[in-house]
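Values in this text are rule-based calculations from the coordinates and carry no lab data. Here the structure is a predicted model, which means the values were calculated and not measured. Virtual Cβ from ideal backbone geometry, glycine too; neighbours counted across all protein chains shown.
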Amino acid sequence: MRKVIALTVFLALSVAGCASREVVTATGTAVLDAYRDTGLSFAQKVLMAKRAALVDAQRNLLEEYAGTFLSTQTEIRNFVAQNDHIISKSAGLIKGVHRVSEQFTPDQTAVTVRVQALKSDIEAALEQQW
């Protein structure tokens, strides 16, 4: 009888644990400026482009994970837009980011990352941020 109850509890917790996890994936890209003379070697340019793509992927992941705050202001004169300011902001801390893939071409690099988190953690982070 104890084995049946223990097995039932274990299976219930396992199913609940699988259902409550969410995987968020994002890709970042960066241009490799290989043709312009910047004083950097080709290897340095590649490393900088890879780092920029990783940071872009992390930013995109944060936007997927926690959302984005947008603020806009448009100035219109005589039914014509004179100025249009759009500010986008995301802030937060994401732990457990894993690099899934990295693609490299002569002109650009792309990095895909993912994070797996509990839905309750995501909801708590959203409530704290906003």
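List the trypsin sites (Lys or Arg not before Pro) within segment 67-111 that fall in a DSSP loop (any state other than H, G, I, E or B) and whose Cβ has at most 16 other Cβ atoms within 10 Å.
Working: sites: Arg77, Lys89, Lys95, Arg99; in loops: Lys95.
Counting only loop positions with at most 16 other Cβ atoms within 10 Å, the trypsin sites (Lys or Arg not before Pro) in segment 67-111 are Lys95.
Quick check: net charge around Ser88, other residues with Cβ under 14 Å of its Cβ, Lys/Arg +1 and Asp/Glu -1?
On the way: positive: Arg59, Lys89; negative: Asp56, Glu63, Glu64, Asp84.
Overall, the nearby charge balance is -2.
Excluding Thr72 itself, what net charge comes from residues whose Cβ is under 13 Å from its Cβ, given Lys and Arg +1 and Asp and Glu -1?
-1
For Ile87 and Thr68 in the same chain, what is the full-extension length gain: residue separation times 0.36 nm, less their Cα-Cα distance, in nm?
5.8 nm
Show me, for segment 52-68, the HN-Hα J-couplings you get by feeding each phi into the Karplus relation (A = 6.51, B = -1.76, C = 1.60, θ = phi - 60°), rounded to Hz, glycine and proline as x.
5, 5, 5, 5, 5, 5, 5, 5, 5, 5, 4, 5, 5, 6, 10, x, 9
Could you run the Karplus curve 6.51 cos²θ - 1.76 cosθ + 1.60 with θ = phi - 60° over segment 104-110 and give me ³J(HN,Hα) per residue in whole Hz, x for Gly and Pro?
Calculated HN-Hα couplings, in order: 10, 10, x, 9, 7, 10, 9 Hz.
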